[in-house]
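Bear in mind these aren't lab numbers, they're just calculated from the coordinates by the rules spelled out. Bear in mind that the values here come from a model prediction, so they are computed numbers and not experimental data. Neighbour counts run over all protein chains shown; Cβ positions are idealised from the backbone, glycine included.
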Amino acid sequence: MIKEKKEALKGGEFLIRETDPNDIFTPEEFDEEQQMIAETCETFLQQEVLTRLDEIDSMQKGLMPSLIEKVGELGVLGVSIPEEYGGFNKNFVTSMLTAERLGAGYSFSVAVSAHAGIGTLPILYYGTEEQKSKYIPKLASGEYKGAYCLTEPGSGSDANSGKTKATLNADGSKYILNGQKMWITNGGFADVFTVFAKIDEDENLSAFIVDASSEGITLNPEEKKMGIKGSSTCQIFFNNVEVPVENLLGQRNEGFKIALNILNIGRIKLAGAVIGGAKGTLTEAIRYANERNQFGRPISKYGAIRQKIAKMSYKTFACESAVYRASQNIEDRIASFEVEGMSKSEAVLKGIEAYAIECAMLKVHGSEVLDYVADESVQIFGGMGYSAESSVERAYRDSRINRIFEGTNEINRMLTVDMMLKKAMKGTLDLMGPAQAVAGELMAIPDFGSAPESEFEKLHGYIKNFKKAILMIAGSAVQKLMMELAKEQEILMAVADMLIETYVAESVLLRVEKRTSLEGETEDNKLKLEMARAYIFDAGSTINQLGNEALISFAEGDELRMMTMGLKRFTKMDALNIKLVRRNIAQRMIDENKYVF
């Protein structure tokens, strides 16, 4: 069965095993129902959100809550929520599609993502039956709005160091909550908070469901922010707030675990949302390039502009490929856990946790792709791009927060490598064997093998070599630095970026190979292959640069020379006229006056 093939590839295992293109999901495979859900999201944005962006950004009283209620009436907030709680009970891939299509809504996207994600899912996945019955139907409909209260003035990335306290009262009926939370999305209008606090002198956080109307809760004025100005962001103070004992979420001391698991979901959902933002912003840039005339012709006819359009296009396409590849892996793992007898909630959490490495990588990659697209779109608009009258000015400001949301990109990079190494140490991911094989290959006479039979085989050969480069550098760094490696953040981040580029490059190639095997060499698939070639070309250059920086940081002498030569071999590619490839990609977008995929 296909499901069994997919289940065989564990989280992080892409580094040491090949993936059959038939085992991945591609966005071209969305069924009719999924496409209808996507169209519903797009229509809502066009009619209700994009026509009111200035009103949203000025925080017109009651507007954002009313928009959440309206999209709730369409059922969008409950796409992945079980039917018994008022949802549609659709799979994880469908929930990702919803996140993507709503991702082009600027501040609204932030508010609705926070509500449907971190504002709702802790209760859905960790709540008792009574808690879920009380809160989830109203959160799914938008009648209740949710917020997630984790960050404090002194605890950001180090979330478990929070100081908010909960103390059981004398008769044991209520917890008395005291503390402060900050940067709380939807804080100004939420009805329900998931609040993280330490009970008495516990070392770990616990989680509580807190009604926003409870006495003792006060809000600071809305924060003034660089971007996402229409998103409510408040500091919240809890002063002797009484929380019924039945509102403890999950088990005592389980809050940090809840926070981490919900953040895993938030990371990949953010990666989905930024794809929607990137597609929308890129289309705006293409249209402006076709409309703006300089020196007697549209600026879209100039090579400098075409290069920007092409790079934005294939970065977006590759990111999308990777996000839906990982999303289907997660969905298949969820299904396998359910077959084993897990409850739906437990299966979802375990399924996403199994691919926490991919979630962290895609959060980093997606947020940086959107930043790239927004930045280059402003450049295409020129002076108009710097004007608040342009859509890309808003996109530029709004995109920046995504590299901080859901754990900073620096934290996520280091988590990526840390999770890989921990899996290796536990024996659940065999990195040592492949790393030793690469080390042996360095000492042997190079075997250049026979010429590849097809373009796909050649490109897969590049990807295999990228993986060897990572195994060589990471394996040597672990062996040489051992426990000191955790302090070498620059090396860890370089290895993480090499992993990210390799995963995304492989994902886009698998997507194109699968579509071509099913549909033949159509004009669309020829262009998609060009996009894969271009992305892999860029990835090879990036991996070479990062690898050299990492090697020079810890190796020297003959060891450095040998590995530098190995890195050169592993990142070597045939000459590619990247200028021509980029021009071909850009021309299609320019001709259709939009991002076409």
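For the pair Gln489 and Leu260, the difference between a 0.36 nm per residue extended length and the Cα-Cα distance amounts to 80.3 nm.
Projecting label points 7 angstrom from Cα along Cα→Cβ for Lys70 and Glu410 puts them 4.1 nm apart. A crude spin-label estimate for the pair Gln251 and Lys301, with each label 7 Å from Cα along the Cβ direction, gives 7.0 nm.
When Lys and Arg each count +1 and Asp and Glu each count -1, what net charge do the other residues less than 15 Å away from Ala424, Cβ to Cβ, add up to?
That sum, taken over residues with Cβ under 15 Å, equals +3.
If you take the Cα centroid of the stretch 461-478 and the Cα centroid of the stretch 186-217, the two points sit 45 Å apart. When both the stretch 481-547 and the stretch 323-361 are represented by their alpha-carbon centers, they are found 23 Å apart.
How much FRET efficiency would the formula 1/(1 + (r/R0)^6) give for Val596 and Glu33, where r is the Cβ-Cβ distance and R0 is 30 Å, rounded to 0.05? Computed FRET efficiency for Val596 and Glu33 comes out at 0.80. Listed by chain and number, the lysines whose C-alpha is less than 26 Å from the C-alpha of Lys163, apart from same-chain residues fewer than 8 away, are Lys145, Lys174, Lys181, Lys198, Lys224, Lys225, Lys257. In the structure shown, the pairs Lys134/Lys350; Lys464/Lys514; Lys350/Lys426 are assessed against 21 Å; a Cα-Cα span above that value is assigned to Lys134/Lys350. Under the convention that each Lys and Arg Cβ holds +1 and each Asp and Glu Cβ holds -1, the size of the dipole of the stretch 148-253 around its Cα centre is about 400 debye.
Summary: within the chain, the longest segment free of GluC sites (Glu not before Pro) located in DSSP loops with at most 15 other C-beta atoms within 10 Å is 19-142.
Placing unit charges on each Cβ (+1 for Lys and Arg, -1 for Asp and Glu) gives the stretch 420-592 a dipole about its Cα centre, and among Ile590, Ala534, Met432 the Cα reaching farthest toward its positive end belongs to Met432. Remark on Ser232: its backbone amide H falls under 5 Å from those of Asn186, a criterion applied only to residues 5 or more positions apart or on other chains, H modelled at 1.01 Å from N. Fully extending the segment from Gln46 to Ser161, taken as 0.36 nm per residue of separation minus the present Cα-Cα distance, adds 37.2 nm.
Full-extension gain between Glu222 and Ile445, please, as 0.36 nm times their residue separation minus the C-alpha to C-alpha distance.
73.8 nm
For the stretch 420-592, taking Cα atoms only, Rg and Dmax work out to 17.8, 55 Å respectively. Each Lys and Arg contributes +1 and each Asp and Glu -1, all at the Cβ; summed about the Cα centre of the chain, the dipole is approximately 1500 debye. Spacing of the modelled spin labels on Gln479 and Asp20, each 7 Å from Cα toward Cβ, amounts to 3.4 nm.
For Ala437 and Ile578, a Förster radius of 30 Å and the Cβ-Cβ distance give a FRET efficiency of 0.40, rounded to the nearest 0.05.
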